[in-house]
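Q: Mind having a look at this structure? Questions to follow.
The values are calculated or read from the model by the stated rules, or taken from the named source; none is laboratory data. Computed from a predicted model, the values in this text were never measured in an experiment. Ideal geometry is used to build each Cβ from the backbone, glycine not excepted, and the neighbour counts take in all protein chains shown.
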Amino acid sequence: MSHAIETAASAGAGLRRWLTQAALPLWSSAGWDAERGIFQEALTRDGAPTGLLRRARVQARQIWVFATVARLTQDTRLAALARQGYEGYLHRYAAPNGLFIMALHADETTADGRTPLYEQAFSLLAMAAMQALDGGCDARADALLRSLEALRHGGGGWRELGDQPFQANAHMHLFEAALDWEALDPEGWRETADEIASLALRRFFDPQASVVQEFFTPDWRPLGPEEGGLIEPGHQFEWAWLLDRWGRRRGSEAAIAAAHRLYAAGRRGVDARNVVVGSVWPDFRVRDPVARFWAQAERLRADVVFGAEADVVASASSLARYLATPVAGAFHDKLDAAGGFLEEPAPATSLYHALGAVLALRSEGAAADLGTTSELRGPAPARPRPCGRGD
């Protein structure tokens, strides 16, 4: 995206070119471990794979990315990578309890055998993308949803593992997966989507502050800052997009109004550097000034949905700074308080956020179709049976 961004259309065209001509070719070659048939954890800014772990969330997000783009572009190599990645995911990460474990070592031994809600949400999202691409994944997704009953919380929703078991973020991604599945199977997933939307509007969303908090007590009261409570502007943008999406399907004016208020709250987290900061205090003073790539991409998606063209240009211009790396297709992950990028690898998880912004621009007419991805390198691996039906 080295060209000047003056309109939403030029923002969409530039980001689409970066994704299809730089990012996907890089992440389907250097970002793919062809020997093991698994996605790499991260790439350096020079495009070299790095990372000792293989987290489940990385695999699931990359499956979603590759399957989604393959479906939209009819790119057979991307489709084959998605299928092989998904087949390997089912084989390596599935636990006996029907859930998916958190991480493997590079040698594929178990690094973290816990089964957090967050990982299950992205497993369901990956399954939805594979269902849209190939079909045949609905039974596995239904079984995983049933297995989530083990994480049910008596006060509503689901418990997460770790120090903060009552949190909004994992529910947000489960909501996203439920909405994707509902588009494919309305009867089977509507109830789950409605349950999470109701919990979000009744408990997660603070109508006085117009924000979604991160952490809660067992009865879903938000924790204060002294108790570990947190407000992340990037998540306000994500919740806004999801509640607007659900609200329009249901004709819920309350959800759409809350979505607009959350979008406004997210914009309050944009500082003088024209970036979304990491977190803020309840009065919106900056708490963590480090500005991550993913939050900039979520701001862009939200600006496309809720903002004016000038807002889209501003957020796209901010995101473009993160894409100026020695190897095209990599990206900077963190901008520090002084305005310099930290010398850290680009996490594979963030390609999911970039594609979300591209799809929003595409759906709003600010970007043309994704077109072809003919720059992808290397031979296409053989196609396994869809959704691991050979197990």
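Q: Any idea which of (1) surrounded by fewer than 20 Cβ atoms within 10 Å (Cβ to Cβ); (2) among the small types (Gly, Ala, Ser); (3) more than 29 Å from Leu174 (Cβ to Cβ) is the one Ala8 doesn't satisfy?
A: Here Ala8 clears every test but (1).
Q: I would also like to ask the following. Here is a list: Arg273, Arg287, Arg249. Which entry is over 18 Å from Val358 (Cβ atoms), of a type in the set (Lys, Arg) and in a loop (DSSP other than H, G, I, E, B)? Outline the logic, then answer.
A: Details: Arg287 fails: in a loop (DSSP other than H, G, I, E, B); Arg249 fails: in a loop (DSSP other than H, G, I, E, B).
It is Arg273.
Q: Filter segment 279-306 down to the residues that are aliphatic (A, V, I, L, M) and within 20 Å of Ala320 (Cβ to Cβ) and list them by number.
A: Taking segment 279-306 first, the residues aliphatic (A, V, I, L, M) are 280, 286, 290-291, 295, 297, 300, 302, 304-305.
Listed by number, the residues that qualify are Val290, Ala291, Ala295, Ala297, Leu300, Ala302, Val304, Val305.
Q: For segment 28-141, list the helices (runs of 4 or more DSSP H) that sit wholly inside it and hold at least 3 residues that are among the hydrophobic types (A, V, I, L, M, F, W, C) and surrounded by fewer than 18 Cβ atoms within 10 Å (Cβ to Cβ); which are they?
A: On the way: elements: 56-73, 76-93, 117-133.
The helices (runs of 4 or more DSSP H) meeting that bar number zero.
Q: If only one of Gly229, Gly247 is modelled with pLDDT under 95, surrounded by fewer than 23 Cβ atoms within 10 Å (Cβ to Cβ) and more than 19 Å from the chain's Cα centre (by Cα), which one is it?
A: Working: Gly247 fails: modelled with pLDDT under 95.
Only one candidate passes the filter, namely Gly229.
Q: If you go through segment 179-193 one residue at a time, do you hit one that is within 21 Å of the chain's Cα centre (by Cα), among the β-branched types (Val, Ile, Thr) and not in a helix (DSSP H, G or I)?
A: no
Q: Can you name the residue in segment 1-27 that is in a helix (DSSP H, G or I) and of a type in the set (S, T, N, Q) and, of all such residues, is nearest to His353 (Cα to Cα)?
A: Thr20
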